[in-house]
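Student: Next up is a structure, given as structure tokens.
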Amino acid sequence: MVTDRGQAHSLEAITAGMLLLASVVFALQVTAVTPLTGSTSSQHIENQQARLAEGVLAAEAENGIIVPTLLYWNQSGKFHGAADDGYHSGGPPTAFGNVLNQTLRERNIAFDVNVFYVRTNGERERHSMVDLGAPSDHASTATRSFTLYDDDRIRYENGTAGPTLAEGSYFAPDVGEGRLYNVIELEVVVWRM
Amino acid sequence: MADVDDRGQLLLVGALTFAVIMVALAVLLNAAIYTGNVATRDAGPGTGEAIEYENEAASMARSTIAAINDRETGSYPDRRLNFTGTVDTWSLNARTHASAALADASVEVLGDPTRGTAIRQTAERNMTDSNTDPNWTVANDTKVRSFRLNVSQDSLQMPPDDENLTDRLFGENTTPHYYQIRFDESDTTDQWTVFFAQNATDTVTEDVTILVQNDGTTIGDPCAVPAENDRVVVDVTDTQVGNQHCAALQTMFGGLDAPYTISYRNGTNATGTYSLVVDRRIDRLQTGADTTGGTEPAATRALYDADLRITYRTDGVYYRTEIRIAPGENDD
């Protein structure tokens, strides 16, 4: 009789202990990562970075410094001072690149800049202007369109105007009849380093 | 023995209650997480892209009209075809990019662009007509846009000394025949005159002074800007004198009702270059400029304005607008 009850008590105690432990584990699991928890995957930060990139593009498009950067093209097949797939250490050495470095890279935000253009057969093609690595899963993007004209001038390395797009060689082809050269979409991809 | 059975039941009920509380807690916390997640998702439906598309289309159209007017020498239908062709190609290419963002975007030209005339003097010359008549009609019964002059400060008339400001410009002494641009409203007798003088204020020297009068009454203050290498650019329709805003010109365009006739007076008392575009086709225009384009000032065919319809559609936004493009018009 006495031994029976002792066994039951210890079983009870073990069950209670397991229950307690399970509830602690459960409680820990329940308070998972919320949107407000600081981490690189925070939705808040993604939104903020997307707005930041949009803001940079909108402001600098208004200032008119993006198109000169698009035209900062060494006619041998890359941007001045860049590798074949763009700049690897930061923005291009132009006014727009300077803004990218100061607003993004100095705040520990990595960025890629892609240039999309249209081929004569209507295909959309990508050319990389800045490549700071593969974006993380939580990257945000901002895009903006620019129009290039036949008489826009390709820039020399010192920033002065060189030959026109119609005369020089450029990565995007002339798709337009008349003065239109190509429609470019600039994409800025940002993510936390 | 009976005691043990009772306690087992209690334990079971207690555990069940505890489990229910835990599940309720989990549901509650999950709801909080979900709310937070939804709240930080993209707040807007992304109308920014539509506005941006419209802006880019409008700036493309403006630039195209200006380029066609500057370079083309063809007939009005040629110009129209050139313009609509460029807009259509742009629309097609921009749509390729828009499709990548799951949007359908297009821009089309509505109707015919307004046929107008560009009048230009590109080489340094005085402001007389092609027969060197100093008083002449530039364009009759029309509306003007992109009216820009680049005048030589030295060539303008200076007021006689020892007179005060108003006298300096329009005193009893009518000896200085200031170069003037006159706007005569076609439907009323209202007349607006823009006078050009040099060194006509006490405060600024080596300047070009602009004074606006309406039926002989001076409007606002004269606008005086010092010349740079003897030159000052006066953008009449943009109300700028040497890159400074001129309130009197703004007032004039506020009161001036189209159509009006534009004429120059005392054209011998100023030299420089200018260009303007009016909304009257060249074969119906009275002008002292050379309509054959042989001598300066020359009148050539030009597009005055155009209407565009812009459509931008995504799953959340349907945006459609019609805009008018008239680059350099005063209220554009």
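Readers should treat all values here as calculations from the given coordinates under stated rules, not as data from a laboratory. Here the structure is a predicted model, which means the values were calculated and not measured. Quick reminder, even Gly has a Cβ in these numbers, built from the backbone with ideal geometry, and neighbours come from all protein chains shown.
Student: Where q = 0.06, 0.11, 0.12 Å⁻¹, what log10 of I(q)/I(0) comes from the Debye formula for the protein assembly as shown, counting one point per Cα?
Tutor: After summing over all Cα pairs, the log10 values are -0.47, -1.06, -1.15.
Student: Further, regarding this structure: Residues of A:141-148, mean number of Cβ from any other protein chain within 10 Å of their own Cβ, rounded to a whole number?
Tutor: 5
Student: Most exposed first by the Cβ proxy, i.e. fewest other Cβ within 10 Å, how do B:LEU156, B:LEU92 rank?
Tutor: B:LEU92, B:LEU156
Student: Going by C-beta contacts inside 10 Å, put B:ARG301, A:ARG192 in order with the fewest on the left.
Tutor: Result, fewest neighbours first: A:ARG192, B:ARG301.
Student: So what are the ³J(HN,Hα) numbers for region A:110-124, from phi and the Karplus equation (6.51, -1.76, 1.60; θ = phi - 60°), rounded to whole Hz, Gly and Pro as x?
Tutor: So the Karplus estimates, Gly and Pro as x, are 7, 8, 10, 10, 10, 10, 9, 9, 10, 7, 5, 7, x, 7, 8 Hz.
Student: Using mean Cβ contacts within 10 Å as the protection proxy, how do B:178-186, A:15-23 order, highest first?
Tutor: So the peptides B:178-186, A:15-23, ranked by packing, come out B:178-186, A:15-23.
Student: Something else: Return B:HIS245, B:HIS97 ranked ascending by Cβ neighbour count within 10 Å, so the fewest neighbours appear first.
Tutor: So the residues, fewest neighbours to most, are B:HIS245, B:HIS97.
Student: Mind checking B:55-61 for the average number of partner chain beta-carbons within 10 Å of each residue's beta-carbon?
Tutor: Across the residues of B:55-61, the mean count of other-chain Cβ atoms within 10 Å is 3.
Student: Still on this structure, I have one more. Could you work out the relative contact order of region B:44-126, using alpha carbon pairs under 8 angstrom and six or more residues apart, expressed as a whole percent?
Tutor: 23 percent
Student: Treat every Asp and Glu Cβ in the protein assembly as shown as -1 and every Lys and Arg Cβ as +1, leave all other atoms uncharged, and give the resulting dipole magnitude about the Cα centre to the nearest 20 debye.
Tutor: 1420 debye
Student: Once you average over the residues of B:300-308, how many Cβ atoms of partner chains fall within 10 Å of each Cβ?
Tutor: Neighbouring Cβ atoms belonging to other protein chains average 0 per residue here.
Student: Once you've got the GNM for chain B with C-alpha springs shorter than 10 Å, pick whichever of B:LEU276, B:LEU211, B:LEU11 has the biggest mean-square fluctuation.
Tutor: Answer for the Gaussian network model of chain B: B:LEU11.
Student: For chain B, what is the Kirkwood hydrodynamic radius in Å, using each pair of distinct C-alpha atoms?
Tutor: Radius from the Kirkwood sum: 24.1 Å.
Student: Follow-up question, since we're still on this one. Assuming a ≥ b ≥ c are the square roots of the Cα gyration tensor eigenvalues, decide whether region A:139-193 counts as rounded (a/c under 1.5), prolate (otherwise, with a/b larger than b/c) or oblate.
Tutor: oblate
Student: Next question. I want to verify a result. In a Gaussian network model of chain B, Cα cutoff 10 Å, which of these has the top mean-square fluctuation: B:MET22, B:MET158, B:MET60?
Tutor: B:MET22
Student: Only Cα pairs under 8 Å and at least 6 apart count here; give the relative contact order of chain A as a rounded whole percent.
Tutor: 23 percent
Student: Another one. Quick check: convex hull over the Cα atoms of region B:31-119, volume per residue in Å³, rounded to an integer?
Tutor: 112 Å³
Student: Once the dipole of the protein assembly as shown is set up with Lys and Arg at +1 and Asp and Glu at -1 on Cβ about the Cα centre, which of B:TYR319, B:ASN93, A:TRP191 lies farthest towards its positive end?
Tutor: A:TRP191
Student: Given the options B:ALA139, B:ALA101, B:ALA298, state which has the largest fluctuation in a GNM of chain B using a 10 Å cut-off (strictly under) for Cα springs.
Tutor: Answer for the Gaussian network model of chain B: B:ALA101.
Student: Using the scaling law 2.2 N^0.38 Å as the reference, what is the normalised Cα Rg of region A:73-193?
Tutor: Compactness ratio reported: 1.09.
Student: Rank by packing, highest mean first: peptides B:79-87, A:152-160, B:128-136, with packing defined as the count of other Cβ atoms within 10 Å averaged across residues.
Tutor: In decreasing order of mean packing, B:79-87, A:152-160, B:128-136 become B:79-87, B:128-136, A:152-160.
Student: P(r) of region B:203-332 in 10 Å steps, Cα pairs, percent per bin?
Tutor: Once binned at 10 Å, the Cα pair distances of region B:203-332 give 9, 30, 32, 18, 8, 3, 0.
Student: While we're on this one: 5 Å is the cut-off here: which amide hydrogens, built 1.01 Å from N in the peptide plane, fall below it relative to B:ALA302, excluding neighbours closer than 5 in sequence?
Tutor: B:GLY116, B:THR117, B:ALA118
Student: Relative contact order of region B:255-301, please, whole-number percent, based on alpha carbon pairs below 8 angstrom and at least 6 residues apart.
Tutor: Relative contact order, region B:255-301: 21 percent.
Student: Still on this structure, I have one more. For region B:193-232, what percent of Cα pairs sit more than 14 Å apart?
Tutor: Cα-Cα pairs in region B:193-232 separated by more than 14 Å: 42 percent.
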